[in-house]
Protein chains: 2
Amino acid sequence: MSIEPTTLTLVDPPGISAEEFKAVFRHHPAGVAVVTLRAPAGPVGFTATSVISVSADPPILAFSLAATSSSRFAVEDAASLVVNFLAADQRHVAASFARRGVDRFAGTTWAPLPTGEPVLEGATAWVRGLVEDRIPVGDSLLVIVRAVRASRGDTDGPLTYVDRTYHRLGEHSRLP
Amino acid sequence: MSIEPTTLTLVDPPGISAEEFKAVFRHHPAGVAVVTLRAPAGPVGFTATSVISVSADPPILAFSLAATSSSRFAVEDAASLVVNFLAADQRHVAASFARRGVDRFAGTTWAPLPTGEPVLEGATAWVRGLVEDRIPVGDSLLVIVRAVRASRGDTDGPLTYVDRTYHRLGEHSRLP
């Protein structure tokens, strides 16, 4: 007995390719953050353009992390972490923390909180949070974090990323 | 026997207020989307600045929706929806779909897909997806959507939102 491909197609939508999906999101702007945490072997950090506020009361944020990320095991073991929201003059920090096989903290000034998580100097803000959940979704982890401490800096504005380029927002980009 | 407040503080972190948390995310830039779906009473749509790519293979996105949103019940009942990624000249669409007590579709040109979900004209792209999960997180729902169809338009760039203002990205905002 043979299976009819046409019937299968009708029941199960064909879906879109990873490339098509990535192309859509490549053109979707995002603020840039570096997530940092304290691991037994030392500080760990990675650039994230998927940080969103989920709930304000209680204050909860989320971000996604590829299962292939070098930071994955550190995030799986972490009870807490810090989200550093990068300023427009920190594109070099964003690039450093997206690089593999380097000391990502080398070119950045940072200091640990009393609880151990690194805070990067010059960010527009940072939030310390407790990891509440790590939900496997497709080829990634969706990390749910309850905010317990926050600080806002005195910087000139946030770093924005779209279509593999970094942007500065301000009066020059504002729509009337 | 009295409870010692100091001990409680050490065990349970005091957390931050909803206002502090909102202030941090108000300065975090985001692309702007309108999520649309077909409900029994007609088309439903709402503006979302929390749409993120979670997984590329399989292609899965997520967004958060406040439990108090007028679209909540429609999203709870929906098997599928469309995410319309707004272009820089669609700030009026973003504003319309964030308004309460109005016909949000009135000022917008749209057409239903064969599957019923409204697609808004002029967006940079749209993705149709199947709702895979709705996870209650704090005062919101985190909605997990598997993309099954996508289309990209020929528009001049995406709409960006930060600090209650809309922005256009381009060469004028690009960092060297």
Could you pull the copy-to-copy label distances for B:Asp77, with points set 7 Å along Cα to Cβ, in nm to one decimal and sorted shortest first?
4.9
Count the DSSP beta bridges whose two residues both fall in the protein assembly as shown, then state the antiparallel fraction as a percent rounded to the nearest 5.
100
Using a Gaussian network model of chain B with C-alpha springs under 10 Å, which one of B:Arg99, B:Arg91, B:Arg128 is most mobile by mean-square fluctuation?
B:Arg99
Over chain B, with a Gaussian network built from C-alpha contacts below 10 Å, which listed residue (B:Glu117, B:Glu19, B:Glu132) shows the highest mean-square fluctuation?
B:Glu19
Could you compute the net charge surrounding B:Pro29? Neighbours are other residues with a C-beta less than 13 Å from the C-beta of B:Pro29; K and R count +1, D and E count -1.
+4
Name the chain A residue with the Cβ nearest the axis that maps A onto B: which is it, and what is the distance in angstrom?
A:Ser173, 2
Pick out which of A:Pro118, A:Pro58, A:Pro158 has the largest mean-square fluctuation in a Gaussian network model of chain A, springs linking Cα atoms closer than 10 Å.
A:Pro58
Give me the distance between the Cα centres of segment B:148-176 and segment A:89-103, rounded to whole Å.
24
So, with points 7 Å from each Cα along the Cβ direction, the B:Asp103-A:Ala41 label distance in nm works out to 6.2
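Ranking B:Glu171, B:Glu76 by Cβ neighbours within 10 Å, fewest first, what do you get?
On the way: B:Glu171 7, B:Glu76 12.
Ordered by Cβ neighbours within 10 Å, fewest first: B:Glu171, B:Glu76.
For an R0 of 35 angstrom, estimate the FRET efficiency from the Cβ-Cβ distance between A:Glu132 and A:His172 and round to the nearest 0.05.
On the way: r = 39 Å, r/R0 = 1.12.
Result of the calculation: an efficiency of 0.35.
Bear in mind these aren't lab numbers, they're just calculated from the coordinates by the rules spelled out. Predicted model, so just to flag it, every value in this text is computed and none were measured. Here the Cβ is made from the backbone with ideal geometry for all residues, glycine too, and neighbour counts use every protein chain on show.
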